[in-house]
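Structure first, commentary second.
The values are calculated or read from the model by the stated rules, or taken from the named source; none is laboratory data. Predicted model, so just to flag it, every value in this text is computed and none were measured. Positions of Cβ are backbone-derived with ideal geometry, glycine not excepted, and every protein chain shown enters the neighbour counts.
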């Protein structure tokens, strides 16, 4: 089945540690996104990528990094510089470029907590 | 800058009742897209509808209907004859010219349907 796979489902981070969240899609979508969701709040955009080897900061990129070496993959690293990383992280993808405003398809999310 | 307001934090209904979720948006752009997503307890967001600013026709899809009113900058969502499976958080989102494809989400409305 086509879709977006995020792993792991739950992740725990120790102080000073970097952790990487995986996002893989087999929908052949060009654009991919990372969002952060805090309790009682909407989603906020961390990073997005329109094509391989290109990505842009979203509204809350500080303390995060990404890469886009393959069309199918868009991993997110939560660095030690992110002082409040506890949140639910959602990866999404969409067909075409940003200007087409195609609906975004989402993964099941990764819940990150501090140890 | 654009903004989406979902003033209702939580709505509780008994099965078979109708429920209307409000969404008010702000943008200076004349061209924009509005979206509704459903987030069930499993966590992933499910796309429900996309509407562009030039199409003010209301839409019905099964038990779901949407009322788009540009004059009041609102894009409300009604679930008719609610069912327990409708229990979820519902998000309204906006994409406008100055930030194409980057969704601005509202805070979401939790819908609880009890038998």
Flagged in the stretch B:33-71 as farther than 20 Å from residue B:113 by Cβ and facing chain A (nearest Cβ under 9 Å), in numbering order, are B:33, B:35, B:47, B:50, B:52
Of the residues in the stretch B:4-32 that are at pLDDT below 95 and within 11 Å of chain A (Cβ to nearest Cβ), the one that is surrounded by the fewest Cβ atoms within 10 Å (Cβ to Cβ) is B:31
ask   = If we scan the stretch A:35-42, do we find a residue that is modelled with pLDDT of 95 or more, more than 14 Å from chain B (Cβ to nearest Cβ) and closer than 26 Å to residue B:89 by Cβ?
value = no
Inset, instruction - Would you check if residue B:77 is under 30 Å from residue A:50 (Cβ atoms), touching a residue at least 40 places away in the same chain (Cβ under 8 Å) and within 11 Å of chain A (Cβ to nearest Cβ)? - result: no
Scanning the stretch A:58-72 residue by residue, the ones that are part of a loop (DSSP other than H, G, I, E, B), closer than 21 Å to residue A:29 by Cα and in contact with a strand residue (DSSP E or B) (Cβ under 9 Å, 6 or more places away or on another chain) total 5
Counting only residues in the stretch A:1-26 that are out of contact with any strand residue (DSSP E or B) (no Cβ under 6 Å at 6 or more places or on another chain) and closer than 25 Å to residue A:98 by Cα, the one modelled with the lowest pLDDT is identified as A:1
Listed by range, strands (runs of 3 or more DSSP E) wholly within the stretch A:73-115 having at least 3 residues that are within 14 Å of chain B (Cβ to nearest Cβ), closer than 22 Å to residue A:10 by Cβ and modelled with pLDDT of 95 or more are A:87-94, A:110-114
Subset of the stretch B:102-115, residues closer than 17 Å to residue A:46 by Cα and assigned to a strand (DSSP E or B), comes to B:104, B:105
Of those in the stretch B:66-101 that are part of a loop (DSSP other than H, G, I, E, B) and out of contact with any helix residue (DSSP H, G or I) (no Cβ under 7 Å at 6 or more places or on another chain), the residue nearest to residue A:91 (Cα to Cα) is B:87
By residue number, the members of the stretch B:102-115 that are at the interface with chain A (Cβ under 10 Å from one of its Cβ atoms) and in contact with a helix residue (DSSP H, G or I) (Cβ under 9 Å, 6 or more places away or on another chain) are B:102
**Asked** Any chance the stretch A:43-64 includes a residue that's touching a helix residue (DSSP H, G or I) at 6+ places or on another chain (Cβ under 8 Å), buried (at least 17 other Cβ atoms within 10 Å of the Cβ) and either within 14 Å of another protein chain (Cβ to nearest Cβ) or at pLDDT 95 or above (or both)?
**Response** yes
